[in-house]
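For reference, the structure discussed in these notes is given below.
The values are calculated or read from the model by the stated rules, or taken from the named source; none is laboratory data. For clarity, every value in this text was computed on a predicted model and none was experimentally measured. Quick reminder, even Gly has a Cβ in these numbers, built from the backbone with ideal geometry, and neighbours come from all protein chains shown.
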Amino acid sequence: MSYWLHRCRHEGGFNFLDNEKRLTIGFSDCAVDEDMVKCIQEKNGYDFDRFYKEIYGGDIWKQRWSLWYFACEMEAGDIVVVPRDGGFTLCKLVGNLLVSERKKERDIGFEWGVEILASCYPREAYASTGLLSRMKCRQTTLNISDLQNDIDTALERYRNSNPFSLPTELAKKCHELLDAYGSPDHFEQLLLDYFIKLGAQAEILPKNYSSKVGDCDISAVFPALRLTISVQAKKHWGTTDDWGVQQIVEYAKDRSSTEDANWTYANWVVSFASDFSEEAKKMAQENGVVLLNGDEFCRMIISNGIGLG
């Protein structure tokens, strides 16, 4: 299997790609020449060059490589990158090369059937630096099999709904470092810094006192918004059970007797774990508690520049 870049803007090629699943190329003068069609079918490079020169009289000589790649080297199963304004399409060739039935109507000589694999927008969210650079090449058809890993990664990102973003990539590294070196106290401090940077009057609450009901680790008050967010923080790994939700729910119920009716109160459980148990999710939904896992926590602090110095 080979990987290709092909430009199909010519003669409405994008419409044929999107609506008919056809990848097209020009050179209709070659498609109406029986000798040229025969040597293409036989992949006879010597006669291809000879007939090409006869047809075009030496003009557009360098462009013959695009036709040769498209008609003689591409094969079913190959992957093709089609650059578009702001993005690109990934498709797989199917069937056999066809002499276009449009050759007498417009300058389209040959076609491939394709399966559309991905429509990647914006371009920078899926393509590596190397692939972005190669898409600037103006040649109509180009073998880019050296970028196989980059193209496979773009397709994987598309299928997993995981476009590249710097905060997300930094968050992954942040998660690794906090996993290795972060203490529960550090975890709470990062949350505190997050709320303070957002403009809250935030504090880490005392851990134990005689009249304590439930548990809240951090209180963040936004006076201008008339909003208080109470947070239970858990430096867990794997899955967090419903204990954290139960603690913040009990804390909220005890606080309810002193709540201001003109104020909004939100309750969060933020865990370093990758997920919450089904019991925790059910209890959170029943009580209006927001659950944030470790990946979401890391994206939060990275997006707001917390811990970057």
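A few comments on the model shown:
- Val114, sole failed condition from (1) within 21 Å of the chain's Cα centre (by Cα); (2) at pLDDT 95 or above; (3) of a type in the set (Val, Ile, Thr): (1)
- Only a single item in (1) acidic (Asp, Glu); (2) surrounded by 18 or more Cβ atoms within 10 Å (Cβ to Cβ); (3) part of a strand (DSSP E or B) is not met by Glu188, and it is number (3).
- Of the residues contained in segment 209-217, one or more are found to be outside any helix (DSSP H, G or I), hydrophobic (A, V, I, L, M, F, W, C) and either exposed (fewer than 13 other Cβ atoms within 10 Å of the Cβ) or out of contact with any His (no Cβ under 8 Å at 6 or more places or on another chain) (or both).
- Among the residues making up segment 108-163, those that are out of contact with any Asp or Glu (no Cβ under 7 Å at 6 or more places or on another chain), outside any strand (DSSP E or B) and β-branched (Val, Ile, Thr) are Thr129, Thr140, Ile144, Ile151, Thr153.
- Residue within segment 78-98 that is assigned by TED's automatic domain parsing to the domain that holds Asp152, over 37 Å from the mean Cα position of the chain (by Cα) and either of a type in the set (Val, Ile, Thr) or surrounded by 14 or more Cβ atoms within 10 Å (Cβ to Cβ) (or both) present: no
- Within the option set Asp29, Asp59, being assigned to a helix (DSSP H, G or I) and surrounded by fewer than 16 Cβ atoms within 10 Å (Cβ to Cβ) holds for one residue only, Asp29.
- Selection count where residues are surrounded by fewer than 18 Cβ atoms within 10 Å (Cβ to Cβ) and farther than 20 Å from Gly12 by Cβ, scope segment 62-71: 3
- Pick from segment 147-189, criterion among the aliphatic types (A, V, I, L, M) and out of contact with any Phe, Trp or Tyr (no Cβ under 8 Å at 6 or more places or on another chain), ranking: farthest from Cys120 (Cα to Cα): Ala180
- Selection status of Phe222, assigned by TED's automatic domain parsing to the domain that holds Ser274, in contact (Cβ under 8 Å) with a residue 60 or more places away in the chain and not charged (D, E, K, R): no
- Of residues in segment 101-159 being without any contact (Cβ under 8 Å) to a residue 60 or more places away in the chain and touching a Ser or Thr at 6+ places or on another chain (Cβ under 6 Å), the one surrounded by the most Cβ atoms within 10 Å (Cβ to Cβ): Asp150
One line per residue, one yes/no per condition, for (1) touching a Leu at 6+ places or on another chain (Cβ under 7 Å); (2) of a type outside the set (Val, Ile, Thr); (3) within 30 Å of Asp146 (Cα to Cα):
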| residue | (1), (2), (3) |
| --- | --- |
| Leu17 | yes, yes, yes |
| Arg22 | no, yes, yes |
| Ile25 | yes, no, yes |
| Lys43 | no, yes, yes |
| Ile55 | no, no, no |
| Ala76 | yes, yes, yes |
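- Filter result (more than 35 Å from the chain's Cα centre (by Cα) and in contact (Cβ under 8 Å) with a residue 24 or more places away in the chain) within segment 228-259: Gln246, Gln247, Val249, Glu250, Tyr251, Ala252, Lys253, Asp254, Arg255
- Of residues in segment 164-185 being under 13 Å from the mean Cα position of the chain (by Cα) and not in a loop (DSSP other than H, G, I, E, B), the one farthest from Asp217 (Cα to Cα): Leu166
- Between Phe27, Phe51, the distinction of being in contact with a Gly (Cβ under 8 Å, 6 or more places away or on another chain) and either free of Cβ contacts under 8 Å to residues at least 24 places away in the same chain or under 25 Å from Pro83 (Cβ atoms) (or both) belongs to Phe27 only.
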